[in-house]
Amino acid sequence: MSKKVAFLQGNEAASYGALYAGCNFFAGYPITPSTEVAEVMAAELPKIGGQFIQMEDEIGAMAAILGAALTGAKVLDSTSGPGFSLKQELIGMGCISEIPCVVYNVMRGGPSTGMPTGPSQSDVMCAKWGTHGDHPAICLVPATVQELFEEMVRAFNLSEKYRTPVFVMPDEIIAHMRERVVFPEPGEIPIVPRKAPTVPPAQYKPFDTSFGDVPPLAAFGSGYKFHVTSLNKAEDGFPTTKAELVQAEQERQVRKVEGNADDIIEFEEYQLDDAEVVIVAYGSTSRSARFAVNEARKQGIKAGMFRLKTFWPFPYKQLTALSGRIKAFITPEMNLGMCSGEVERAAQGKVPVKGIFRVDGEPINPDQILAKIKEVK
Amino acid sequence: MAFDYDKYIRPGKLPHIWCPGCGHGIVMKGLIRAMDTLKLQMENTTIVSGIGCASRLTGYIDCCTLHTAHGRAAAFATGVKLAKPEMDVIVVGGDGDGTAIGGNHFIHACRRNINITYIIMNNNIYGMTGGQFSPTTPTGAKSSTTPYGNPDPCFDLAKLAIGAGATFVARGTAFHANQIDKLIVEAIQHKGFSVVEILDDCPTTYGRRNKFKSVIEMMNRLKEIAVPVKAAEKMTAEQLQGKVLTGVLYKDETKPEYIAEYAKLIERAKAAK
């Protein structure tokens, strides 16, 4: 049987990816350029008995998905820059209370209202540092419409597996471009459920580390009574200010993601085997980079690309290894050097990191990247 | 036989954080009696709160409890209720949490008429942060941020809730302890968004700045200003000056309830598939 194929916009593909992953609850607030996700979910979720709610504001949408997730629902909220900023406090609660959820954030020009219809990649640091306090971060940055579908599925899986918010962050170009999407068959991509408690309700602790760094999460209404708080808490879920407990809990929450970086980080190595100049790119910028690499190769320049599919956790290890054997990194991105700074940390001063930064609402074109390749070769 | 509160309280979680003389404990006992009267299943009841003294109630009652961020309780509760309609969902919190930082969520929960009960402990002050004025602090009152008297007008929470679309609105006081559970019972039984405002006291941060010499004086004030709605019908405007109506202030059983409407929407969507 041939697979279902469709010509879809990125935001539409993301929505269908979420549905494929088992998303059954959506809360959101209208915002350009991500609103199409809300529109698809509003049409599709009720058909499968799921819930769609348009909340009164961005913060309310984030609150609603966290509440719903605690009843066992697989939840999604979609937004863009200003909305992503507004949600940050509750993203922190999602992290500290360890509530699985997916936040889809289309990157548009910023800061503030910025350029609502212009592409950008300037929210990648907000994904890591936007909410106050130490916390884990998982952020996926797809580069094609097909990948957007697949990365939504992966986002739900990671969120459930690691019991933490996961961000899928296409730039506006990827979110609004239309491409062919081949739908995977049901079951073709495995769906990961959250770890359910194996102990009876009386023995259940919502942050029980005897089950490892990712404690099982019961659902409200399933017979388990427990407390969830936004305060620093102990394993039993109740607030604590005991220094050693707070330290251990915070370290565990970061460790459950950073310590599993190899499981979470995905990337593409393009023409890297003999590459002397390596472009580190993500999202739509990686499409221009791929073109530039091909052009450079035609001209005899050994260029390659390390394409991030996962922005956080950041692939420091892989880039550090590369930096020992290349001449330079080039980091094209639609911001003023957010990824570039992380690549510099990975390069540890061994090779130069040359940025190409645009924040004018225009994409970075292949010529710009090719020119930089020639400059540093 | 004395009412057994202990079976509803989480073992080891008392004493609570509330100051001597605070009315929040009276409200919590009223809520527990109401839960007992209605025989709510604790595994199937979620109490949601935001941040503040009143919001700490969620830590004490032994059911599903969700202590969220400042002001967001109504929005979290909306998510819980919509995802799990069979669950009884109750929100508790204070005046600042619910109607300043959380005002938007509060009015929209009222507008949706979603089947949730919201209990507001209104002590006219931000207690936990040390006594700053809230949207219900009376004009002219002293607080740590209104040392020269409060220039702000204040909300009438019941009117706010009615205006925003809540379909059950009641008011009681921490003095009239025996009425609290009856109001909450009726609120939970109501199919729609129900608001129960309990006029409360904060001797620590409000009373001492506003010439209340004792908790008893604050409680006596609640006793004196409260007028049951029935009694008010026979009183003149002059007699009602400075009084506050208590009891069930508003009830509308005709407005569609959100969860029931959403269930119909799902049926329509499935039929159109």
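The values are calculated or read from the model by the stated rules, or taken from the named source; none is laboratory data. Just so it is clear, the structure is predicted and the values come from calculations on it, not from any experiment. All Cβ positions, even for glycine, are placed from backbone atoms using ideal geometry, and neighbour counts span all protein chains on display.
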The residue that is modelled with the lowest pLDDT, considering only those in region A:316-337 that are surrounded by fewer than 24 Cβ atoms within 10 Å (Cβ to Cβ) and part of a loop (DSSP other than H, G, I, E, B), is A:G324
Hey, A:R180 hits all of (1) in a strand (DSSP E or B); (2) surrounded by fewer than 24 Cβ atoms within 10 Å (Cβ to Cβ); (3) in contact with a helix residue (DSSP H, G or I) (Cβ under 6 Å, 6 or more places away or on another chain) but one; which does it fall short on? (3)
How many of the residues in region A:136-169 are under 14 Å from A:P100 (Cα atoms), in contact with a Cys (Cβ under 7 Å, 6 or more places away or on another chain) and not β-branched (V, I, T)? 5
Of the residues in region A:214-267, those that are in contact with a helix residue (DSSP H, G or I) (Cβ under 6 Å, 6 or more places away or on another chain), of a type in the set (A, V, I, L, M) and within 14 Å of chain B (Cβ to nearest Cβ) come to A:A234
So A:N24 ticks every box in (1) touching a residue at least 40 places away in the same chain (Cβ under 8 Å); (2) away from chain B (no Cβ under 14 Å); (3) more than 25 Å from A:H135 (Cβ to Cβ) but one. Which box is left unticked? (2)
The condition from (1) surrounded by 14 or more Cβ atoms within 10 Å (Cβ to Cβ); (2) in contact with a Gly (Cβ under 8 Å, 6 or more places away or on another chain); (3) outside any strand (DSSP E or B) that B:V185 misses is numbered (2)
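May I ask you to list the residues in region A:29-55 that are among the β-branched types (V, I, T) and either within 19 Å of the chain's Cα centre (by Cα) or over 14 Å from A:Y104 (Cα atoms) (or both)? Spell out how you get there, then give the answer.
So the first thing to find is which residues in region A:29-55 are among the β-branched types (V, I, T), and the list is A:31-32, A:35, A:37, A:40, A:48, A:53.
Hits for region A:29-55 are A:I31, A:T32, A:T35, A:V37, A:I48, A:I53.
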Suppose we filter region A:199-217 for residues that are touching a residue at least 24 places away in the same chain (Cβ under 8 Å) and more than 23 Å from A:G259 (Cα to Cα); how many remain? 1
Any residue in region A:231-253 that's in the same structural domain as A:L217 (by TED's automatic domain parsing) and more than 17 Å from B:G59 (Cα to Cα): show its pairings with residues that are surrounded by 15 or more Cβ atoms within 10 Å (Cβ to Cβ) and polar (S, T, N, Q) at Cβ separation under 9 Å, as long as the two are six or more apart or on different chains. A:L245/A:N232; A:V246/A:N232; A:V246/A:T240; A:E249/A:N232; A:E249/A:T240; A:Q250/A:N232; A:Q253/A:T164
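Among the residues that make up region B:155-169, is at least one of them touching a Leu at 6+ places or on another chain (Cβ under 7 Å), part of a loop (DSSP other than H, G, I, E, B) and not charged (D, E, K, R)?
First, the residues of region B:155-169 that are touching a Leu at 6+ places or on another chain (Cβ under 7 Å): B:158, B:169.
Going one step further and asking which of them are part of a loop (DSSP other than H, G, I, E, B), we end up with none.
Looking for residues that are touching a Leu at 6+ places or on another chain (Cβ under 7 Å), part of a loop (DSSP other than H, G, I, E, B) and not charged (D, E, K, R), one finds none in region B:155-169, hence no.
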Is it the case, given these coordinates, that A:A196 is outside any helix (DSSP H, G or I), over 21 Å from the mean Cα position of the chain (by Cα), within 14 Å of chain B (Cβ to nearest Cβ) and free of Cβ contacts under 8 Å to residues at least 60 places away in the same chain? no
Given the conditions (1) more than 20 Å from A:P201 (Cα to Cα); (2) in contact (Cβ under 8 Å) with a residue 12 or more places away in the chain; (3) buried (at least 24 other Cβ atoms within 10 Å of the Cβ), and given that B:T65 satisfies all but one, which numbered condition is not satisfied? (1)
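When region B:158-174 is examined, which residues are found to be touching a Lys or Arg at 6+ places or on another chain (Cβ under 9 Å) and surrounded by fewer than 23 Cβ atoms within 10 Å (Cβ to Cβ)? Full working, then the answer.
Our first condition is that a residue be touching a Lys or Arg at 6+ places or on another chain (Cβ under 9 Å); within region B:158-174, this holds for B:158, B:164-170, B:172-173.
B:A158, B:A164, B:G165, listed by residue number.
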If B:K234 satisfies every condition in (1) touching a Ser or Thr at 6+ places or on another chain (Cβ under 7 Å); (2) surrounded by fewer than 13 Cβ atoms within 10 Å (Cβ to Cβ) but one, which is the exception? (1)
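Wholly within region B:201-273, which helices (runs of 4 or more DSSP H) include no fewer than the required count, namely at least 2 residues that are farther than 30 Å from B:K81 by Cα and more than 14 Å from chain A (Cβ to nearest Cβ)? Give the steps one after another, and end with the answer.
Working: elements: B:215-225, B:229-232, B:258-272.
So the answer is B:215-225, B:229-232.
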So which pairs qualify, if the first residue must be in region B:244-257 and over 17 Å from B:N122 (Cα atoms), the second must be surrounded by fewer than 17 Cβ atoms within 10 Å (Cβ to Cβ), the Cβ gap must be under 7 Å, and the two must be at least 6 apart or on different chains? B:E257/B:K191
Just one listed residue, out of A:P142, A:P186, is modelled with pLDDT under 95 and assigned by TED's automatic domain parsing to the domain that holds A:L90, and it is A:P186
All but one of (1) in contact with a helix residue (DSSP H, G or I) (Cβ under 7 Å, 6 or more places away or on another chain); (2) under 29 Å from B:K81 (Cα atoms) hold for B:T167; which doesn't? (1)
What residue, of A:G110, A:G22, A:G50, is surrounded by fewer than 24 Cβ atoms within 10 Å (Cβ to Cβ) and modelled with pLDDT under 95? A:G110
Does region A:156-168 contain any residue that is of a type in the set (F, W, Y), over 30 Å from B:C63 (Cα atoms) and modelled with pLDDT of 95 or more? yes
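Quick grid of which residues meet (1) touching a Ser or Thr at 6+ places or on another chain (Cβ under 6 Å); (2) more than 25 Å from A:G17 (Cα to Cα); (3) surrounded by 15 or more Cβ atoms within 10 Å (Cβ to Cβ):
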{"residue": "A:P186", "(1), (2), (3)": "no, no, no"}
{"residue": "A:P190", "(1), (2), (3)": "no, no, no"}
{"residue": "A:A196", "(1), (2), (3)": "no, no, no"}
{"residue": "A:P200", "(1), (2), (3)": "no, yes, no"}
{"residue": "A:Y204", "(1), (2), (3)": "no, yes, yes"}
{"residue": "A:D208", "(1), (2), (3)": "no, yes, yes"}
{"residue": "A:F211", "(1), (2), (3)": "no, yes, no"}
{"residue": "A:G221", "(1), (2), (3)": "yes, yes, yes"}
{"residue": "A:F226", "(1), (2), (3)": "no, yes, yes"}
Out of region A:237-247, which residues are under 17 Å from A:D213 (Cβ atoms) and surrounded by 15 or more Cβ atoms within 10 Å (Cβ to Cβ)? A:G237, A:V246
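To keep it simple, each residue is scored yes or no on (1) within 14 Å of the chain's Cα centre (by Cα); (2) farther than 22 Å from B:G127 by Cβ; (3) surrounded by 16 or more Cβ atoms within 10 Å (Cβ to Cβ); (4) not basic (K, R).
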| position | (1), (2), (3), (4) |
| --- | --- |
| B:F3 | no, yes, no, yes |
| B:P11 | no, yes, no, yes |
| B:I17 | no, no, no, yes |
| B:C22 | no, no, yes, yes |
| B:M28 | yes, no, yes, yes |
| B:R33 | no, yes, yes, no |
| B:I51 | yes, no, yes, yes |
